[in-house]
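Working notes, beginning with the structure itself.
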């Protein structure tokens, strides 16, 4: 699903733009790195494994996945994605998802893009709750969520399959504050 208004991001190195199938090679390039997927539930066997993601993103369904490309300002090259999946318009909830190339880890990019997309989700989607699940071993992502104002709600045991094995995930959530009302 495409939106006219993209999340606003102020960062010297990156900006947000629509994610396109032309980004598949760069996306797969870092998603297949062992140290990238080690603490995630990604299980890509080939670049073709990204096709369902693009199909969902391009869908016109309001409950489909929404993802934006994180691109370098200097070259427009994809270095990450951020957005939402498991969107419920009835319950006004969405689950945050993001990934980054290791080439840009540790530069404050993940918290900045998450904050931008969270604000956008509260305003554009009318969400009252944005949640995120994170594999219990993913300390880097846990720090990003906590820097982004998420609160840990509990451990979801055997919540998702992680390359053929059940994995435990922490549930985090951030609720819309009165200052983040939709009518602003």
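The values are calculated or read from the model by the stated rules, or taken from the named source; none is laboratory data. Everything numeric in this text was worked out from a predicted model, so none of it was measured. With ideal geometry, Cβ positions are generated from the backbone for all residues, glycine too; neighbour counts draw on all protein chains shown.
Brief remarks follow.
- The single condition among (1) in contact (Cβ under 8 Å) with a residue 60 or more places away in the chain; (2) part of a loop (DSSP other than H, G, I, E, B) that residue 16 does not meet is (2).
- Of all residues making up the stretch 97-107, the number that are without any contact (Cβ under 8 Å) to a residue 60 or more places away in the chain and either surrounded by fewer than 21 Cβ atoms within 10 Å (Cβ to Cβ) or part of a loop (DSSP other than H, G, I, E, B) (or both): 3
- Among residues that are over 19 Å from residue 111 (Cα atoms), in contact with a strand residue (DSSP E or B) (Cβ under 9 Å, 6 or more places away or on another chain), surrounded by 12 or more Cβ atoms within 10 Å (Cβ to Cβ) and modelled with pLDDT under 95, residue 160 is included.
- Residues (over 14 Å from the mean Cα position of the chain (by Cα) and in a loop (DSSP other than H, G, I, E, B)) located in the stretch 137-149: 137, 138, 149
- Screening the candidates 76, 55 for the property of being out of contact with any strand residue (DSSP E or B) (no Cβ under 8 Å at 6 or more places or on another chain) and over 26 Å from residue 139 (Cβ atoms) yields one hit, 55.
- The stretch 119-136, subset part of a helix (DSSP H, G or I) and touching a helix residue (DSSP H, G or I) at 6+ places or on another chain (Cβ under 9 Å), residue farthest from residue 152 (Cα to Cα): 123
- Residue in the stretch 98-121 that is modelled with pLDDT of 95 or more and more than 25 Å from residue 72 (Cβ to Cβ) present: no
- Looking only at residues of the stretch 54-88 that are in a loop (DSSP other than H, G, I, E, B) and at pLDDT below 90, we find that the one that is surrounded by the fewest Cβ atoms within 10 Å (Cβ to Cβ) is 60.
- Any chance residue 110 is farther than 19 Å from residue 89 by Cβ, surrounded by 16 or more Cβ atoms within 10 Å (Cβ to Cβ) and free of Cβ contacts under 8 Å to residues at least 60 places away in the same chain: yes
- Residues of the stretch 30-41 that turn out to be surrounded by 14 or more Cβ atoms within 10 Å (Cβ to Cβ) and out of contact with any strand residue (DSSP E or B) (no Cβ under 7 Å at 6 or more places or on another chain), as a count: 4
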